1. Please indicate, with yes or no, whether at least one residue in the stretch 122-139 is modelled with pLDDT of 90 or more, of a type in the set (Val, Ile, Thr) and either more than 17 Å from Thr38 (Cα to Cα) or in contact with a strand residue (DSSP E or B) (Cβ under 6 Å, 6 or more places away or on another chain) (or both).
2. For the stretch 174-197, check the following and say yes or no: at least one residue is under 26 Å from Ser3 (Cα atoms), in contact with a Phe, Trp or Tyr (Cβ under 6 Å, 6 or more places away or on another chain) and among the aliphatic types (A, V, I, L, M).
3. For the stretch 15-32, which residues satisfy the criterion of being at pLDDT below 85 and open to solvent by less than 40 Å² (accessible area, probe 1.4 Å)?
4. Could you list, in sequence order, the residues of the stretch 131-165 that are open to solvent by less than 10 Å² (accessible area, probe 1.4 Å), of a type outside the set (A, V, I, L, M) and in contact with a Ser or Thr (Cβ under 7 Å, 6 or more places away or on another chain)?
5. Of all residues in the stretch 53-83, how many are more than 26 Å from Gly25 (Cα to Cα) and surrounded by 17 or more Cβ atoms within 10 Å (Cβ to Cβ)?
6. Among the numbered criteria (1) over 26 Å from Arg205 (Cβ atoms); (2) modelled with pLDDT of 90 or more, which single criterion is violated by Leu12?
7. Looking at Ala149, Ala162, Ala138, Ala158, which one is assigned to a helix (DSSP H, G or I), within 17 Å of Leu66 (Cβ to Cβ) and of a type outside the set (Asp, Glu)?
8. What are the residue pairs meeting all of these: first residue in the stretch 147-160, first residue among the charged types (D, E, K, R), second residue surrounded by 14 or more Cβ atoms within 10 Å (Cβ to Cβ), Cβ atoms under 7 Å, and 6 or more apart or on different chains?
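The values are calculated or read from the model by the stated rules, or taken from the named source; none is laboratory data. Treat the numbers as computed from the prediction; the structure is a model and nothing was measured. Cβ: placed from backbone, ideal geometry, glycine included. Neighbour counts: every protein chain shown. What goes into the accessible areas is simple: the full protein's heavy atoms, side chains included, and nothing from ligands, DNA or RNA. Shrake-Rupley method; radii C 1.70, N 1.55, O 1.52, S 1.80 Å.
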Amino acid sequence: MKSVIIGGVLLLFSVLLLPVLPVYGYFVRAAKAGADGTQEAPAFDDWGDLLVDGVKALVVGIVYFLIPTAVLVGALVVVGVGSFAAADPANPATVDAVASGIGVVGGLLVLVAMVLYLVATYVFPAGLVSMARGDDIASAFDFGTVLSAAFSADYFVAGVLAILLSLVVGVATVILGVLTLGLFFLLGVFVQFYVQVAFFYLFGRGYAKALDLPAAR
């Protein structure tokens with residue numbers, strides 16, 4: 001309960017960026033706890049280590065989502081440049097052809113970006129677990145180990161459970177927030193923190209089972 005309260009308060013001020021870094025660090029601990037098979041929730045202590053792990057998690061996230069973001073930006077650039085060209089009054093005969101071509105290319109790029117975002121979201125927790133266990137940011141980019149765990153049946157099952165949990169609680173939070181005229185949204189921050197901890201813990205368990213890692217003693 002203490003950790004949930006601290007994490008929820010930090011999330012309330014996450015717009016300031018700095019408070020969210022120890023939260024990210026805590027998620028790294030949760031992922032490691034899952035991989036180690038630890039039953040107790042990690043503690044909010046050693047704040048310096050939490051901040052460092054939070055920065056590492058942020059860097060890993062930026063790298064993992066860099067390609068999907070680049071593809072999405074490329075799609076927006078294509079659509080923007082193409083729209084400008086299609087609106088050129090000097091070439092009215094080509095407007096329809098250009099607009100159609102741009103629509104197809106832009107739509108395909110957006111679709112590819114969405115698929116890449118889903119893949120990155122699925123694999124990213126495995127990178128965090130690898131980093132937490134190796135205590136080194138380079139371990140997050142040991143793609144041989146990370147992908148071997150991520151594309152296994154055990155990790156997939158854990159991932160499905162984690163995603164379903166997030167979706168169900170997220171929808172329930174929105175519904176309760178609307179029914180209570182927004183009063184539940186404040187409490188919902190603490191609920192969401194708990195769910196995110198469970199999210200990374202489940203992925204950690206799936207990672208450990210996929211690689212047949214022994215439980216911590």
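1. Yes, the conditions are met somewhere in the stretch 122-139.
2. Yes, there is a match, as at least one residue in the stretch 174-197 is under 26 Å from Ser3 (Cα atoms), in contact with a Phe, Trp or Tyr (Cβ under 6 Å, 6 or more places away or on another chain) and among the aliphatic types (A, V, I, L, M).
3. Pro19
4. Once the filter is applied, which keeps residues that are open to solvent by less than 10 Å² (accessible area, probe 1.4 Å), of a type outside the set (A, V, I, L, M) and in contact with a Ser or Thr (Cβ under 7 Å, 6 or more places away or on another chain), the stretch 131-165 yields nothing.
5. Residues flagged as more than 26 Å from Gly25 (Cα to Cα) and surrounded by 17 or more Cβ atoms within 10 Å (Cβ to Cβ) within the stretch 53-83 amount to 6.
6. Among (1) over 26 Å from Arg205 (Cβ atoms); (2) modelled with pLDDT of 90 or more, the lone unmet condition for Leu12 is (2).
7. From the options Ala149, Ala162, Ala138, Ala158, the qualifying one is Ala138.
8. Matching pairs, first to second residue: Asp154/Gly206; Asp154/Lys209; Asp154/Ala210.
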